[in-house]
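Undergrad: One structure, as structure tokens, below. Some questions next.
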Amino acid sequence: MRLCIVCFVFLAAAFALTASDIGVTVNGMCEAGSCPAVGIPFGSTDTLSVDSIFTLPDGDMYLIDGSFTGSNNGNGSGFSTGHQFQVTYEGNATGGPSAADDVAVEAYY
């Protein structure tokens with residue numbers, strides 16, 4: 001039993017070292033950073049660049065690129081976010097027009 005607890009603590013520490021303060025999902029799938037994200041520490045700012053091709057089940061492909069920024073001023077009175085990104089239709093395997101698609105991009109801070 002003690003070995004399992006040690007393994008769990010080691011894995012949790014390894015995850016915390018690689019966690020991002022910001023995460024971005026596209027249609028519910030994590031595309032960049034950590035989803036769910038860990039909190040942005042007091043007095044810091046984090047920026048996450050996104051450059052991903054997302055393929056929908058109907059074969060339509062979209063490029064999602066840009067950046068997401070979060071800032072926590074640390075005194076408990078200010079938190080700001082910034083979003084500069086675009087979603088571009090890139091085509092599909094058949095070379096035809098896009099179907100009626102929904103693309104939902106969400107940022108987690």
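Undergrad: Name every residue in region 89-108 that is without any contact (Cβ under 8 Å) to a residue 40 or more places away in the chain and either surrounded by 11 or more Cβ atoms within 10 Å (Cβ to Cβ) or among the aromatic types (Phe, Trp, Tyr) (or both), in order of residue number.
TA: Taking region 89-108 as the starting set, the residues that turn out to be without any contact (Cβ under 8 Å) to a residue 40 or more places away in the chain are 89-98, 100.
Within region 89-108, Tyr89, Glu90, Gly91, Asn92, Ser98 meet the criteria.
Undergrad: Looking at Ser49, Ser44, Ser34, can you tell me which residue is hydroxyl-bearing (Ser, Thr, Tyr), modelled with pLDDT of 90 or more and touching a strand residue (DSSP E or B) at 6+ places or on another chain (Cβ under 9 Å)? Outline the logic, then answer.
TA: On the way: Ser44 fails: modelled with pLDDT of 90 or more; Ser34 fails: modelled with pLDDT of 90 or more.
From the options Ser49, Ser44, Ser34, the qualifying one is Ser49.
Undergrad: Right, here's the next one. Which members of region 86-109 meet the condition of being farther than 17 Å from Ile40 by Cα and touching a Ser or Thr at 6+ places or on another chain (Cβ under 7 Å)?
TA: Passing the criteria: only Tyr89.
Undergrad: Here are some conditions: (1) assigned to a strand (DSSP E or B); (2) out of contact with any strand residue (DSSP E or B) (no Cβ under 7 Å at 6 or more places or on another chain). Pro57 meets all but one. Which one does it not meet?
TA: Result: Pro57 fails condition (1) only.
Undergrad: Among what's in region 49-74 and is closer than 18 Å to Val103 by Cβ and touching a residue at least 40 places away in the same chain (Cβ under 8 Å), pick the residue that is nearest to the chain's Cα centre (by Cα). Don't jump to the end; show me each part of the working.
TA: Taking region 49-74 and keeping what is closer than 18 Å to Val103 by Cβ, we get 50-68.
From what's left, touching a residue at least 40 places away in the same chain (Cβ under 8 Å): 54, 56, 58, 60, 62, 64, 68.
Working: Phe54: 13, Leu56: 17, Asp58: 23, Asp60: 21, Tyr62: 16, Ile64: 11, Phe68: 9 Å.
Only one residue fits best here, namely Phe68.
The values are calculated or read from the model by the stated rules, or taken from the named source; none is laboratory data. In this text the structure is predicted, and so the values were computed from the model without any measurement. A quick note on method: Cβ atoms are made from the backbone with ideal geometry, for glycine too, and the neighbour counts reach across all protein chains shown.
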